[in-house]
Amino acid sequence: MNRRNEEKLAIGLMRLSLYGVVLILAAIMAVIVVKGFSAMSWSMITQTPKGGFYLGKEGGVANAIVGSIYLAGGATFLSLLISVPLAFALQKEYSSGRLTYYSRLALDVLWGTPSIVYGAFGFIIMMMIGLRSSLLAGIITLALLVTPIMTRAMEEIIRMAPQELKETACALGLTRLESSSTVILRQTIGGLLTAVMLAFSRAIGDAASILFTAGFSDHMPGSLLDPVASLPLAVFFQISTPIVEVQQRAYASALILFIIVLLLSLLSRWIYLKFSQNVIK
Amino acid sequence: MPRRSSLDSLSQVLARIFLLLAVATALLLLVGLFLKSRPILMRVSLWELFSGDSWRPLRGEFGFFPFILSTVVVTLIALLLAVPPCLLAAVYLSEYSSRRLQQSFRPILEVLAAIPSVIYGLWGVLIIVPLTRTVGGWLGHANSGYTLIAGGMVLAIMVVPFIISLSMEVLLAVPAEARLTALALGCTRWETTRHVVVRHAQRGFFAAVLLGFSRAFGETIAVMMVIGNVAKTPRSLFDPAYTLPALIANNYGEMMSIPLYDSAIMLAALILMVIIIAVNLIAHRILGKLEIR
């Protein structure tokens with residue numbers, strides 16, 4: 001085989017792979033959208049489950065939609081309180097030698113930890129402090145899951161801010177704290193907000209970590225200490241039943257979740273553009 | 001002036017506290033899981049736990065072999081199916097495609113990576129499970145569709161966006177000079193790609209595959225929805241299986257009433273965690289050397 005033919009073959013294979021991958025992923029979306037739309041109704045979005053909902057009678061998943069937003073919102077907020085300072089603390093301006101090295105290592109470990117392990121860990125903690133499955137326990141567990149993700153994304157964005165900018169701030173006599181909280185924050189705010197959105201969309205889609213920490217309920221979320229429904233778990237429970245009408249609802253619930261995730265990623269792009277106006281290139 | 005500098009020193013202290021917090025959380029997680037799984041480790045030897053293939057909590061038999069085997073096999077199937085096309089696609093995107101295609105692919109990958117696993121699981125139930133049932137029937141392996149191979153296929157699709165975007169980052173880190181030099185020496189584009197770019201990227205690809213492995217190894221819901229969850233050592237790809245994450249997810253509601261049961265489940269979490277940490281640290285070390293994070 002001469003070199004031209006080999007190249008042609010290789011390109012053919014690569015194109016085939018790329019199109020294959022795209023095709024399969026498009027097929028997934030098509031199935032979810034088509035199946036979901038045919039099972040969708042207004043009552044799915046606006047109503048909570050009525051009696052006999054899991055036997056195919058009246059109702060919807062409004063409680064799960066609201067529950068998911070509470071869970072993901074609470075977790076994102078909690079994780080924001082830790083991630084922002086931590087992301088700045090990891091920069092070399094605040095470097096503490098060994099400690100920085102070990103906390104990077106720890107973050108790598110936490111970043112890779114699967115959500116089911118966070119679920120189990122959250123469950124141990126719940127048992128220890130005598131908390132039962134609740135919105136609060138779900139929020140805490142999800143916050144554990146998304147904090148490493150948010151921190152890593154933010155740390156990278158801050159590190160990528162132009163060195164000259166940091167040096168200029170320093171030359172003007174700003175302390176590390178002042179330059180971080182004014183110049184660098186302004187420069188990176190668009191990126192930081194996309195990190196927040198990333199964490200939110202991870203939190204809203206995760207099922208394994210809240211399976212036993214958030215529990216499930218058929219009512220709108222009430223207090224922080226009550227169990228709360230969530231969309232991923234609604235999909236999971238609905239598809240696990242043998243009743244066809246209920247399985248149909250799983251398709252509709254999955255479509256709702258899919259649309260939320262899609263909207264979040266669009267919103268995140270918009271926020272990035274909107275808040276990147278003060279960026280100095 | 002003193003106020004400004006003391007505020008700054010205060011921020012240094014705070015930074016240390018937050019760094020410590022990260023370390024403490026990781027330690028707490030590991031120590032907590034270890035302490036919880038100690039009761040069973042004290043009673044039964046590790047060898048017995050890992051090689052035993054009978055899982056009967058009521059009789060006090062906790063053999064992890066079927067779960068470990070299922071998890072490893074399902075992950076390997078996923079990688080076997082996903083890695084070759086992913087690497088080829090990544091090389092094409094970075095070396096051959098137009099800038100526009102490359103740019104437009106990035107957000108698509110991001111969205112795909114953000115799709116919740118329960119949606120992939122649902123798709124698996126709708127498409128992969130019936131497919132497995134039919135194909136298995138043709139091949140003379142009658143099955144319910146909820147099998148090891150179905151789990152592997154769903155997982156393969158889930159790691160695709162992850163592996164492609166990591167491999168593209170690796171390829172981007174290959175210095176442009178290396179490509180230009182090869183081209184200047186008269187290599188064709190393909191020769192440059194094959195002998196220079198891919199060679200440069202080899203270690204990075206390996207790290208991407210490792211991270212894909214750890215991602216797949218810990219995946220819970222999607223796999224659990226299609227794999228059948230039968231606690232027996234699978235004999236063929238068309239047998240139902242039961243992965244470690246699914247074991248945890250299916251049991252930790254009811255485990256409190258049976259002695260050692262909760263400890264066994266926590267041990268499953270610990271095994272999962274230790275394997276994933278080991279794989280991840282190797283991958284991060286490689287990526288760190290290549291200055292990709």
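The values are calculated or read from the model by the stated rules, or taken from the named source; none is laboratory data. No experiment lies behind these values; they were computed from the predicted model shown. Here the Cβ positions follow ideal geometry from the backbone for every residue, glycine too, while neighbour counts run over all protein chains shown. Accessible surface is based on the protein model in full, side chains and every heavy atom, while ligands, DNA and RNA are left aside. Shrake-Rupley method; radii C 1.70, N 1.55, O 1.52, S 1.80 Å.
Which aspartates and glutamates have a Cα lying under 12 Å from the Cα of A:Lys166, excluding residues fewer than 8 positions away in the same chain?
In chain and number order, the partners are A:Glu93, A:Glu178.
Find the relative contact order for chain B and round it to a whole percent, using C-alpha pairs within less than 8 Å whose residues are 6+ positions apart.
Details: 376 pairs, mean separation 77.2, N = 293.
Across chain B, relative contact order equals 26 percent.
What does the charge dipole of region A:42-275 about its Cα centre add up to, to the nearest 20 debye, if the Cβ of each Lys and Arg holds +1 and the Cβ of each Asp and Glu holds -1?
Roughly 180 debye for region A:42-275.
For every other residue with a beta carbon closer than 12 angstrom to the beta carbon of B:Ala150, add +1 if it is Lys or Arg and -1 if Asp or Glu, then tell me the sum.
On the way: positive: B:Arg133; negative: B:Asp239.
Net local charge, B:Ala150 excluded: 0.
Please name whichever of B:Leu10, B:Leu287, B:Ile221 sits farthest to the positive end of the charge dipole of chain B, dipole taken about the Cα centre and charges placed at Cβ: Lys and Arg +1, Asp and Glu -1.
Farthest towards the positive end: B:Leu10.
Select from A:Ala62, A:Ala72, A:Tyr102 the residue farthest towards the positive end of the dipole of region A:42-275; place +1 on Cβ of Lys and Arg, -1 on Cβ of Asp and Glu, and compute about the Cα centre.
Positive-end residue among those listed: A:Tyr102.
A:Lys50: which lysines have alpha carbons under 30 Å from its alpha carbon, excluding same-chain residues fewer than 8 sequence positions away?
Cα-Cα hits under 30 Å: A:Lys35.
If you put +1 on each Lys and Arg Cβ and -1 on each Asp and Glu Cβ, how big is the dipole of the protein assembly as shown around its Cα centre, in Debye rounded to 20? If you can, show how the numbers build up before the last one.
Values: 44 positive and 28 negative charges, 195 e Å.
About 940 debye.
Sort out the exposed loop GluC sites (Glu not before Pro) in chain B (DSSP loop, at most 13 other Cβ within 10 Å) and tell me the longest stretch that has none.
Numbers: sites that count: B:Glu254, B:Glu291.
In short, B:1-253.
How much accessible area is lost when chains A and B come together, counting both sides, with a 1.4 Å probe, in Å² rounded to the nearest 100?
Values: alone 16270 and 16780 Å², together 25810 Å².
Its buried surface, counting both partners, is about 7200 Å².
If you project the alpha carbons of region B:42-154 onto their three principal axes, what span does each projection cover, largest first, in Å?
62, 40, 24
How large, in percent, is the carbon and sulfur part of the accessible surface of chain B at a probe radius of 1.4 Å? Could you put the intermediate results ahead of the total?
Values: 8550 of 13140 Å².
The computed percentage sits at 65.
Using a 1.4 angstrom probe on heavy atoms only, work out the carbon and sulfur share of the accessible area of region A:121-268 in %. It would help to have the intermediate numbers written out before the result.
Details: 3890 of 5590 Å².
With neighbouring chains kept in place, the figure for region A:121-268 is 70 percent.
How many Å² of accessible area per residue for chain B, probe 1.4 Å?
On the way: 13140 Å² over 293 residues.
Heavy-atom accessible area per residue stands at 45 Å².
Name the most mobile residue of B:Ser51, B:Ser214, B:Ser37, meaning the one with the largest mean-square fluctuation, in a Gaussian network model of chain B with Cα contacts below 10 Å.
It is B:Ser51.
For chain B, set up a GNM with springs between Cα atoms under 10 Å and report which of B:Leu211, B:Leu180, B:Leu109 has the largest fluctuation.
So, out of B:Leu211, B:Leu180, B:Leu109, the one fluctuating most is B:Leu180.
Ignoring ligands, DNA and RNA, what accessible area per residue does chain A give at 1.4 Å, in Å²?
Numbers: 12660 Å² over 281 residues.
Per residue, chain A has an accessible area of 45 Å².
So which residues of region B:213-251 lose at least 10 Å² of accessible area, probe 1.4 Å, when you go from the chain by itself to every protein chain present?
So the qualifying set is B:Arg215, B:Gly218, B:Thr220, B:Ile221, B:Met224, B:Met225, B:Ile248, B:Ala249.
Calculated from DSSP H runs of 4 or more alone, at -39500 (n - 2.57) each and per residue, what is the 222 nm mean residue ellipticity of chain B, nearest 500?
Using -39500 (n - 2.57) per qualifying helix, the result is -23500 deg cm²/dmol.
Find, to one decimal place in angstroms, the Kirkwood hydrodynamic radius of the protein assembly as shown, where the mean of 1/r is taken over every pair of different Cα atoms and then inverted.
Working: mean 1/r = 0.0397 Å⁻¹.
25.2 Å is the Kirkwood radius here.
Residue farthest toward the positive end of the dipole of region B:65-208, with Cβ of Lys/Arg at +1 and Asp/Glu at -1: which of B:Pro116, B:Leu93, B:Pro66?
B:Leu93
Sorted by accessible area with a 1.4 angstrom probe, largest first, how do B:His200, A:His219, B:His284 fall?
Values: B:His200 95, A:His219 130, B:His284 25 Å².
The residues order as A:His219, B:His200, B:His284, largest area first.
What are the ³J(HN,Hα) values, in whole Hz, obtained from phi via the Karplus relation 6.51 cos²θ - 1.76 cosθ + 1.60 with θ = phi - 60°, for each residue of region A:240-252 in sequence order, with x given for Gly and Pro?
Along region A:240-252, the couplings run 7, 8, x, 8, 4, 4, 6, 5, 4, 5, 4, 5, 5 Hz.
Using alpha-carbon pairs under 8 Å, 6+ residues apart, how would you state the relative contact order of region B:21-86 in percent?
Values: 30 pairs, mean separation 11.4, N = 66.
Once divided by the residue count of region B:21-86, the mean separation gives 17 percent.
In the full protein assembly as shown, how much of A:Ile140 is accessible to a 1.4 Å probe, in Å² to the nearest 10?
That residue has around 80 Å² of solvent-accessible surface.
Could you give each residue of region B:168-181 its phi-based ³J(HN,Hα) in whole Hz, using Karplus coefficients 6.51, -1.76, 1.60 with θ = phi - 60°, and x for Gly or Pro?
Along region B:168-181, the couplings run 5, 5, 4, 5, 5, 7, 5, x, 4, 4, 4, 5, 4, 4 Hz.
So if we plug the beta-carbon distance of B:Leu80 and B:Ala173 into 1/(1 + (r/R0)^6) with R0 = 30 Å, what FRET efficiency do we get, rounded to 0.05?
Values: r = 26 Å, r/R0 = 0.86.
Result of the calculation: an efficiency of 0.70.
Treating the beta-carbon of each Lys and Arg as +1 and of each Asp and Glu as -1, no other charges, what is the dipole magnitude of chain B about its Cα centre, to the nearest 20 debye?
Working: 23 positive and 14 negative charges, 113 e Å.
Dipole about the Cα centre, nearest 20: 540 debye.
What trypsin sites (Lys or Arg not before Pro) does region B:133-193 have in DSSP loop regions with at most 15 other beta carbons within 10 Å?
Values: sites: B:Arg133, B:Arg179, B:Arg189; in loops: none.
Nothing satisfies the criteria.
I want to verify a result. In a Gaussian network model of chain B, Cα cutoff 10 Å, which of these has the top mean-square fluctuation: B:Ile128, B:Ile248, B:Ile258?
The residue that fluctuates most here is B:Ile258.
Under 19 Å between alpha carbons, and skipping anything fewer than 8 positions from B:Lys232 in its own chain: which aspartates and glutamates qualify?
B:Glu48, B:Asp53, B:Glu61
Return the ratio Rg/(2.2 N^0.38 Å) for chain B, where Rg is computed over Cα atoms only. Write out the running numbers ahead of the final one.
Numbers: Rg = 23.3 Å, N = 293, 2.2 N^0.38 = 19.0 Å.
Here the answer is 1.22, to two decimals.
Any idea what the relative contact order of chain A is, in percent, if you count C-alpha pairs under 8 Å spaced at least 6 apart? Display every interim value, and only then the final one.
Details: 377 pairs, mean separation 78.1, N = 281.
About 28 percent, as a whole number.
Working from the alpha-carbon coordinates of region B:159-237, get Rg over Rh, Rh being the Kirkwood radius. Each step should come with its number before you reach the end.
Working: Rg = 18.9 Å, Rh = 15.3 Å.
On the Cα set of region B:159-237, Rg over Rh gives 1.24.
Suppose we look only past 15 Å in the calculated P(r) of region B:222-286. What percent of the Cα-Cα pairs does that tail hold?
Working: 1287 of 2080 pairs.
Roughly 62 percent, once rounded to a whole number.
Accessible area drop of at least 30 Å² (1.4 Å probe, protein heavy atoms): which residues of region B:1-28 qualify, relative to the chain alone?
Buried by 30 Å² or more upon assembly, which counts only protein chains, are B:Arg4, B:Asp8, B:Ser11, B:Gln12, B:Ala15, B:Arg16, B:Phe18, B:Leu19, B:Ala22, B:Val23, B:Thr25, B:Ala26.
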